[in-house]
There are 2 protein chains.
Amino acid sequence: MMIRFLFALTVFLGYNLILHAQNPNDLWLQQHPAKAVNVQYKSKSPLVLNAVKALKQYWQGKEGADISLKLVKSTAIKAEGYQISGNTISATTEKGLLYGAYAMLRAQISDENVAALVSNPSYENRILNHWDNLDGSVERGYAGKSIFWRGEGDLTVSKADLDRWKKYAEANASIGINGSVLNNVNASAKMLSAPVLQRVKAIAAVLRPYGIKTYLSVNFSSPTMLRDLKTADPLNADVIAWWHKKVAEIYKEIPDFGGFLVKANSEGQPGPQDFGRTHADGANMLADALKPYGGLVMWRAFVYSPSNEDRAKQAYQEFVPLDGKFRDNVIIQVKNGPIDFQPREPFSPLFGAMQHSSVMPEFQVTQEYLGHAYQVAFLAPMWEECLNSDTYQKGEGSTVAKVTDGTLFSQKHSAIAGVANTGLDSNWSGYTLGQANWYAFGRLAWDNQLKSDQIADEWLKLTFKQQAQPDLIQDWNKNFLQPVKNILLESREAVVNYSMPLGLHHIFAAHHHFGPGPWWAPKNARPDWTPPYYHQADSLGIGFDRTPSGSNATSQYHQPLADVFNNPDTCPEMYLLWFHHLPWTYQTKSGRSLWDELCFRYDKGLQQVRNFQKVWDKTSLYTSVEVYEETQAVLKRQTFDAQVYKDACLLYFQQFSKMPIPHELERPVFDLKALESGDPLDFYPQEK
Amino acid sequence: MMIRFLFALTVFLGYNLILHAQNPNDLWLQQHPAKAVNVQYKSKSPLVLNAVKALKQYWQGKEGADISLKLVKSTAIKAEGYQISGNTISATTEKGLLYGAYAMLRAQISDENVAALVSNPSYENRILNHWDNLDGSVERGYAGKSIFWRGEGDLTVSKADLDRWKKYAEANASIGINGSVLNNVNASAKMLSAPVLQRVKAIAAVLRPYGIKTYLSVNFSSPTMLRDLKTADPLNADVIAWWHKKVAEIYKEIPDFGGFLVKANSEGQPGPQDFGRTHADGANMLADALKPYGGLVMWRAFVYSPSNEDRAKQAYQEFVPLDGKFRDNVIIQVKNGPIDFQPREPFSPLFGAMQHSSVMPEFQVTQEYLGHAYQVAFLAPMWEECLNSDTYQKGEGSTVAKVTDGTLFSQKHSAIAGVANTGLDSNWSGYTLGQANWYAFGRLAWDNQLKSDQIADEWLKLTFKQQAQPDLIQDWNKNFLQPVKNILLESREAVVNYSMPLGLHHIFAAHHHFGPGPWWAPKNARPDWTPPYYHQADSLGIGFDRTPSGSNATSQYHQPLADVFNNPDTCPEMYLLWFHHLPWTYQTKSGRSLWDELCFRYDKGLQQVRNFQKVWDKTSLYTSVEVYEETQAVLKRQTFDAQVYKDACLLYFQQFSKMPIPHELERPVFDLKALESGDPLDFYPQEK
């Protein structure tokens, strides 16, 4: 009996006590005993030395191999790209050598073939936006406090800071990220104060040797908020002078400073319109100040106001008339969809429409609307979906990728931004699988044609493969890689299904955006901040009519898209209720009524997550106890939350549809009134 | 489209606007337009007049039928029994006529064949025990405040009181209940004070015309608690005199008073042992006082103390030696199982062992351990299981029914008690389906050979059938009766599965006994009040060893039962862990290990309740909106609670088994530490 018991214990625990336990801090740069490697190189610059160091630290190729790092002249190698030929890594820039070195290392684990390869980045600037506040909090951050800020009163740089920043920089370099905006777009003017800039300088010094430029978000009213001036009017000479002086002060400390990210006249932030000026007036004023130093302005197009106009239309209406009026060092930063990082949106019609401006996509790596760090959602499929969306602006094939990366329009600059999911949590991202989103953003920023499958494959191999026990490695693909990759690849669609399928959007609980709140509409709330504004459910049907009979937002899309979207029969079902208000009895492609189809989708999402649990629970042999249990806990909660979503939305909408939930489906377990009167963040029982 | 919508609305709501809406207050005595009936009768006594009134109020037989009520002499008709021959109801007592009248009415709805029938009650006394307190609260009551008491300060009798008591009396009469203990076994001495007795008198006056005797629970220390004496020693002459005087006082007001129910030397209640006397000394002293008036003492055998002896053995050890020493108007009241109203227990070994005393079963109608009024649990199958358990005390076939109803032993009195589930809630029982338990108790008390299936059938027909719309009546059996009866009949086993399968018991959350608490064992708690005392889980296995290698409780059972229980291979699996501590790897009858089997049972319970939801949700056409939605809400919560139970117990026990939950099973969704740190009553989100 004791023997049977011990056997059972081993099978249950399943953790090889001698395996190299994964350290969540290590991200996808797991520390394995490296093999010996000789590296030939000439430049002793920090970038090249970091390339050499990485090769020596992580080498898993042929024992004692000889690797050469060569700066070359080449027309095939563009910008920060690199070439790998056998054991030689060539580049025209030192950054290229660094990226080439990591590419070679990555390939050793991920089985990528890099024996003969030229790889050039899709975007010149591949930037993480940190919505980190000076006080150490992170807006929409679910991984602990800021890695950059601890509060105004504590600007000293500690050893822990330096270690964290260095690891951060190394991780970014390994996937080609070359820029970091260090603070929240809802920016404090104090970011530009001298003591804070000293800390920025210290951060920049750590990031620089890894090829990462430092940027800041700025508050457009900084001159007045810092009490230097009485106006922030961008055409005012004192304001112009103020910014020129401030920029000079920054560049004196940080000569390779990247530039400014600006959220202006958006959700209460100040901006040029406060003084009767345009976004172009504002952006250009800052651009002029930065121009002498090579700095950029990333000016966000995420603008809308509580008008009678469909919120989805407003950014386009404001920015398209300004096309061609921006300085060449201004890039218009556009969220993937026209509303706000929803689980699914059609692409923003601004992509491809502003043909005389540099336009960059903004993705959200942190899961503001996709379950925070409580739910597994691998976002590469969402970004891939956006990048591959055809805008038709230059004929068929004018994808969002091609209209932003310089392929179709001669932009002076190209860039892509991801709102980071990093924090001080030991796993960096709130939950370990969330690291895959950081990884995926970097990889897609480098190569916007990459497939989600490949990205997931790479990340899983880099993060977990070398931990596997030797006797389990032969079944690793079958027992870990494939099933867990399936979880990752299906996860975002599961979130869509259980939260807002068929084109529903923004029916979240108020403020924190976690969980359902389709009913939320206090009398004094701005209508465009309430879910009923978006779902428009009534006795006749559901959905937002954006066809010509409604807001006509479809007219912002290039033909034939407008026509495709206008007709519910041709409109992709995933956008159906984004563009249409349809009767509950409308027949969907499955043959089911719209109501029944909604029920099936919500239930499917729940069943998908339940299945993720089953799949994950079988993988205990393949990860550390820590990661196994952490992921198990996330999936538990996700199943619970999926049930909350399903029940809340179906029971709420049922009040309008007056139709039964199809009887073959699992029934709701929650009470609508209870869900309406509580907070979705509180429903899941937590340890007291 | 509008037409499609309206059709959908009708299908969804499904409620016939013109049907006679069920009134939960009406219990199974639904008010339907009665047909005309002529009743012949001689006696004008209240009992007979109530029989006549019932016939006229509920008659659904042949229009204008002539019915005769006849008092006859008969040897076939025993005690309060009746005979029905065609249109004649005969009885040897007026109560018999009343019961016969209700039987005829019941048959008109339930299709019971009563054309030629003699029906005699299994037990002489069929009694509800109300655990109602003077302050209006009800111990283990989940249906609102007491129907009898509002507090010492408010003893006036209102019209609402009289109406409620009358309806209560009528409902009891309709199923043959002929006694009510009006107050909690944890009795206040103040029950015997003059003002309170005046209210008892008023209640008795309402119950009497329906054939119901009134009883009181008494505190054994009443003489001292009321400050009349300094001792309650049953052999003390002053004490004896005190009780004689008190009994005389009661009978002066209530000449047909039933007698006393006593919980003595049990869970802190005072009793004769406080004075070095035996239970027999105490019971006999009270019996002597009651004897001149025909009153009974029901003395509870629910006794145990925090000793080293297995709690399950203690009642037997204390009472069997006293067999034959009780007066003939004492009945020993024994809970169905040896512990305490668990979802499943083997029968108490006292049944059949006390062959020279009157012994009565005590069942619990209120769902203290089976989900309160938050979970559907139809208890007839549990009571049927107990009544049909073979004690072997007089050879094979010596069932609990036969050893208590006078068939096998010549008891002076026979009786059966049910702890009521009534309260002031409009549905009487906390949830409407809970009324079925009150009904079932009454019917089994009358006929302890009835099958659960028949009882459920009767109750559903009486309560719901006549509400069905005429056009739905032809499918009523298929679409309502059968599926809902299946829910009822399966419900208790579902509770067993998701809460404590395979003989597990008493692993409830502390105090309120709602939900799981297998971990609950504070340092200062009495061990026999903590779940680990009962489940005994450790690294080797789980279960309470009650074989000779353990507490040897099996020795209290008559052979061959002791042998059957002692061997895990012959022990019925439903009692397996009640009698055995078995290794986690023990092979159960399914071929699965004990651990796997536990997992399957817990999960099965959850899936069963989910299925109840599916079944119930299809019945909207067949009940009132109120009952439909109320039951839907109960089943929702039950599904949630089943998940809590499953997760709590499996994750807790897994800490000992160290074995994986079989991978084909749905995974837990809750976190063990969260469940351990919270209260199961609070986990389900409720409207704020």
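Our summary gives chain B a relative contact order of 12 percent, counting only alpha carbon pairs under 8 angstrom and 6 or more residues apart. Computed with every protein chain present, the accessible area of B:Asp453 is close to 70 Å² [probe 1.4 Å].
The mean sequence separation of alpha-carbon pairs under 8 Å and at least six residues apart, normalised by the residue count of the range B:455-585, gives a relative contact order of 20 percent.
Our note on the geometry: Cα centres of the range A:196-237 and the range B:335-393, 77 Å apart.
Between B:Thr88 and A:Tyr251, the modelled labels are 11.9 nm apart [label points 7 Å from Cα along Cα→Cβ]. The trypsin sites (Lys or Arg not before Pro) found in the range B:573-622 that occupy coil by DSSP, while having at most 11 further C-beta atoms within 10 Å, are B:Lys589.
Taking 24 Å as the limit for the C-alpha separation, the pairs B:Lys95/B:Lys394; B:Lys325/B:Lys451; A:Lys604/B:Lys636; B:Lys56/B:Lys461; B:Lys53/B:Lys451 exceed it in the case of B:Lys95/B:Lys394; B:Lys325/B:Lys451; B:Lys53/B:Lys451.
Per-residue surface analysis assigns B:Leu235 an accessible area of about 90 Å², computed on protein heavy atoms at 1.4 Å probe radius.
Counting from the shortest, the label point at A:Lys252, 7 Å from Cα toward Cβ, is 10.8 nm from the same position in each remaining copy.
Largest first and in whole Å, the equivalent-ellipsoid semi-axes of the range A:125-467 read 29, 26, 18, each the square root of five times a Cα gyration tensor eigenvalue. Note on the range B:263-307 and the range B:580-618: Cα centroid distance 42 Å, given to the nearest whole angstrom.
I need the semi-axes of the equivalent ellipsoid of the range B:32-119: take the C-alpha gyration tensor, multiply each eigenvalue by 5, square-root it, list largest first in whole angstrom.
Values: eigenvalues 75, 43, 21 Å².
One finds semi-axes of 19, 15, 10 Å for the range B:32-119.
Evaluated at q = 0.04, 0.09 Å⁻¹, the base-10 log of the normalised Debye intensity for the protein assembly as shown, with identical point scatterers placed on the Cα atoms, takes the values -0.34, -1.14. Sorted shortest first, the distances from the B:Thr570 label point to those of the same residue in the other copies are 8.0 nm; each point sits 7 Å from Cα along Cα-to-Cβ.
Over chain B, the fraction of Cα-Cα pairs per 20 Å bin, rounded to whole percents and listed from the shortest bin up, is 18, 51, 29, 3, 0. With the cut-off at under 13 Å, measuring from each backbone N in the range A:352-366 to a point 7 Å along the Cα-to-Cβ line of A:His558 picks out A:352-356. Rolling a 1.4 Å probe over the heavy atoms of the protein chains gives the range A:125-467 an accessible area of 29 Å² per residue.
Coupling constants for the range A:437-451 follow from the phi torsions by the Karplus curve (6.51 cos²θ - 1.76 cosθ + 1.60, θ = phi - 60°), and in residue order they are 6, 4, 4, 5, 4, x, 5, 6, 5, 6, 9, 6, 9, 4, 9 Hz; glycine and proline get x.
Residues whose amide H lies under 5 Å from that of B:Ser68, counting only those 5 or more places away or on a different chain, are B:Gln40, B:Thr88, B:Ile89; hydrogens are built 1.01 Å from N in the peptide plane. Buried between B and A is an accessible area of approximately 4200 Å², summed over both sides with a 1.4 Å probe.
Express the accessible area of the range A:530-591 per residue in Å², computed with a 1.4 Å probe while the remaining protein chains stay in the model.
Values: 2280 Å² over 62 residues.
So the range A:530-591 comes to 37 Å² accessible per residue, rounded to a whole number.
For A:Gly324, inter-copy separations between label points set 7 Å beyond Cα along the Cβ vector come to 11.7 nm, shortest first.
Sparse packing (at most 14 other Cβ atoms within 10 Å of the Cβ) combined with a DSSP loop state is found for the following GluC sites (Glu not before Pro) in the range B:53-105: B:Glu63.
Within the accessible area of the protein assembly as shown, what % is carbon and sulfur when the probe is 1.4 Å and the other protein chains stay in place? Taking all protein chains in place, the protein assembly as shown shows 53 percent carbon and sulfur surface. Based on Cα contacts under 8 Å between residues 6+ apart, the range B:24-81 shows a relative contact order of 43 percent. Estimated from helices alone, the mean residue ellipticity of chain A at 222 nm is -11500 deg cm²/dmol (sum of -39500 (n - 2.57) over DSSP H runs with n ≥ 4, per residue). Each DSSP beta bridge with both residues in chain A is either parallel or antiparallel, and the antiparallel ones are about 25%. What separates the Cα centres of the range B:523-548 and the range A:68-115 is a distance of 66 Å.
Of the chymotrypsin sites (Phe, Trp or Tyr not before Pro) in the range A:62-171, not one is in a loop by DSSP (not H, G, I, E or B) with at most 15 other beta carbons within 10 Å.
The values are calculated or read from the model by the stated rules, or taken from the named source; none is laboratory data. Predicted model only: the values in this text are computed from it and were never measured. Backbone-built Cβ (ideal geometry, glycine too); neighbour counts: all protein chains shown. Just the protein is used for accessible areas: all its heavy atoms, side chains included, with ligands, DNA and RNA removed. Shrake-Rupley method; radii C 1.70, N 1.55, O 1.52, S 1.80 Å.
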